[in-house]
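The values are calculated or read from the model by the stated rules, or taken from the named source; none is laboratory data. Every value quoted in this text rests on a predicted model; they were computed, and no experiment measured them. Cβ coordinates were reconstructed from backbone atoms using ideal geometry, including for glycine residues, and neighbour counts include every protein chain displayed. We work out accessible area using only protein heavy atoms, side chains counted, and drop any ligands, DNA or RNA first. Shrake-Rupley method; radii C 1.70, N 1.55, O 1.52, S 1.80 Å.
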Amino acid sequence: MDAKNVWVANDDGSEIIRAREIAGASLDYDGNVTVRLTGGDSSAVTIAGHRTHHEGSRPDDFHRQLIRVISELSDAAEAFLVRAVHDEARGWRWATEAL
C-alpha cells in the first residue's frame with residue numbers, strides 16, 4: 001500500500017498524520033481507534049476517541065474499516081483526508097474529502 005497522498009485526522013481535527021506512516025490500528029474496549037506509527041519511537045495516536053454518550057458505539061471492525069478506506073485511496077492521483085464522523089442516520093463511518 002502506497003498511501004503517500006492519504007492523510008488521517010483525529011476526530012476533532014487537531015492532529016493529522018500521513019497514512020503511509022501507520023504501522024497498525026487497534027480498537028479498544030471503549031471504542032477508541034488508535035494507530036501505531038512506523039519509526040523507532042513506536043508512537044501511537046488516538047484518531048477516534050472520546051465519543052459522547054448520545055453518539056453510540058462504534059462498529060466492532062471500525063479499525064479495519066479505516067485500513068480498508070486507506071487501501072482504497074492509496075492509488076488515487078489526488079490527496080485525501082480521512083476522518084471519523086458520526087451522524088444519527090448512518091452511525092459511525094470514515095469520511096473522505098479531497099485536499
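Before moving on, here are some points about what is shown:
- Selection count, the range 69-86, where residues are within 20 Å of LEU27 (Cβ to Cβ) and open to solvent by 50 Å² or more (accessible area, probe 1.4 Å): 4
- Some residue of the range 87-96 being closer than 17 Å to ILE16 by Cα, in a strand (DSSP E or B), open to solvent by 40 Å² or more (accessible area, probe 1.4 Å) and not acidic (Asp, Glu): yes
- Qualifying residue in the range 55-68 (condition: farther than 20 Å from ARG36 by Cα and touching a residue at least 40 places away in the same chain (Cβ under 8 Å)): no
- Yes/no for ILE70 being touching a helix residue (DSSP H, G or I) at 6+ places or on another chain (Cβ under 7 Å) and not in a loop (DSSP other than H, G, I, E, B): yes
- In the range 46-58, residue modelled with the lowest pLDDT [restricted to those that are under 22 Å from ALA23 (Cα atoms) and open to solvent by less than 40 Å² (accessible area, probe 1.4 Å)]: GLY49
- Output for the range 89-99, where each listed residue is under 17 Å from GLY31 (Cβ atoms) and charged (D, E, K, R): ARG90, ARG93
- When the residues of the range 1-18 are filtered to those that are free of Cβ contacts under 8 Å to residues at least 40 places away in the same chain and touching a strand residue (DSSP E or B) at 6+ places or on another chain (Cβ under 7 Å), the one that is surrounded by the fewest Cβ atoms within 10 Å (Cβ to Cβ) is GLU15.
- Residue within the range 19-29 that is under 13 Å from the mean Cα position of the chain (by Cα), surrounded by 15 or more Cβ atoms within 10 Å (Cβ to Cβ) and touching a residue at least 60 places away in the same chain (Cβ under 8 Å) present: yes
- For LEU66, the test of being modelled with pLDDT of 90 or more, within 19 Å of THR96 (Cα to Cα), open to solvent by less than 30 Å² (accessible area, probe 1.4 Å) and in contact with a Leu (Cβ under 7 Å, 6 or more places away or on another chain) is failed.
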